[in-house]
Amino acid sequence: MSKSYLFLAAAILFEVFATTCLKYSDGFTKLLPGALTVLGYGACFYCLSQTLDTIPTGIAYAIWSGVGIVLISVLGLILFNQRLDVAAIVGIALILLGVVVINVFSKSSAH
């Protein structure tokens with residue numbers, strides 16, 4: 001795995017962390033979760049920016065957002081008991097399938 005993909009993985013994890021903290025911040029009325037949200041997104045965007053030297057912007061963004069959507073949906077279920085209906089599950093599965101297609105079949109992601 002290249003350095004760029006390690007930064008992309010870190011960006012995804014920081015984004016999921018920050019989004020989870022955002023939920024706990026209760027509209028930024030709680031100081032610690034709010035501060036962690038800002039720090040998490042800052043780290044996320046720094047890591048994402050480091051990927052753009054070698055991974056095309058559209059590909060990096062598709063992977064970052066797609067995997068982030070899947071992970072935050074799973075955490076929403078586990079931490080906040082947020083249930084998804086069949087349409088939402090199918091949509092998320094299609095997003096995940098799109099990320100797989102990009103990584104397995106696209107020559108654009110190999111730069």
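No value in this document is a laboratory result; all are computed from the given coordinates. None of these values were measured; they are calculated from a predicted model. Note that we place each Cβ from the backbone using ideal geometry, even for glycine, and neighbour counts take in every protein chain shown.
If R₀ is 22 angstrom, what is the calculated FRET efficiency for the pair LEU52 and VAL74, using the beta carbon separation as r and rounding to 0.05? It comes out at approximately 0.25. Calculated mean residue ellipticity, 222 nm, the chain: -27500 deg cm²/dmol, from DSSP H runs (n ≥ 4) at -39500 (n - 2.57) each, averaged per residue and rounded to 500.
Relative to the longest principal axis of the Cα atoms of the chain, helix 57-80 runs at roughly 30 degrees. The computed Cα extents along the principal axes in Å for the structure shown corresponds, within [x] 44, 34, 19; [y] 33, 30, 25; [z] 77, 23, 20, to [x]. Entry note, the chain: relative contact order of 29 percent, from Cα contacts under 8 Å with a spacing of 6+ residues.
Helix 86-105 and the longest principal axis of the C-alpha atoms of the chain enclose an angle of approximately 30°.
Averaged over residues, the count of other Cβ atoms within 10 Å places the peptides 39-48, 79-88, 59-68 in the sequence 59-68, 39-48, 79-88, highest first.
To the nearest 0.05, how large is the calculated FRET efficiency for VAL101 and LYS23 if R₀ is 30 Å and r is the Cβ-Cβ distance? Write down the numbers at each step before the final one.
Values: r = 30 Å, r/R0 = 1.00.
According to the calculation, E is roughly 0.50.
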